[in-house]
Amino acid sequence: MAEKIKKLNLERDYKKYLYFIDGEGNVCQKPKSGEGQSNVVVDHAVERDNQFLYFIDKEGDISRSPRGSKKSAKSAGKDRGSRESGGSKAA
């Protein structure tokens, strides 16, 4: 579930620009054509934490959600094995 971090009410033009939050926490816009550089719309809008994924929500505010945890190959294999054995026992 996403958690709202900062209320910006950002007006966006999705037909011409892509909007994103860069590594420094700035809200930026870049032309969809791929030409031109990104422009900073809001300086230092958020202080980032690597445990969360930051994005601009439908209302134009900054939200975050926890990043998915990476499982090791051993634990992923164990999970698959338990599902397979459970399904094959059904008669």
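The values are calculated or read from the model by the stated rules, or taken from the named source; none is laboratory data. Predicted model, so just to flag it, every value in this text is computed and none were measured. All Cβ positions, glycine included, derive from the backbone under ideal geometry; neighbour counts span all protein chains shown.
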Filtering segment 1-33 for residues that are closer than 16 Å to Ser63 by Cβ and among the small types (Gly, Ala, Ser) leaves a count of 2
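Okay, residues lined up against (1) at pLDDT below 90; (2) polar (S, T, N, Q); (3) within 17 Å of the chain's Cα centre (by Cα):
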{"site": "Gly23", "(1), (2), (3)": "no, no, yes"}
{"site": "Cys28", "(1), (2), (3)": "no, no, yes"}
{"site": "Asn39", "(1), (2), (3)": "no, yes, no"}
{"site": "Ile56", "(1), (2), (3)": "no, no, yes"}
{"site": "Lys70", "(1), (2), (3)": "yes, no, yes"}
{"site": "Ser82", "(1), (2), (3)": "yes, yes, no"}
Filtering strands (runs of 3 or more DSSP E) wholly in segment 16-62 for at least 3 residues that are under 24 Å from Met1 (Cβ atoms) gives 17-21, 52-56
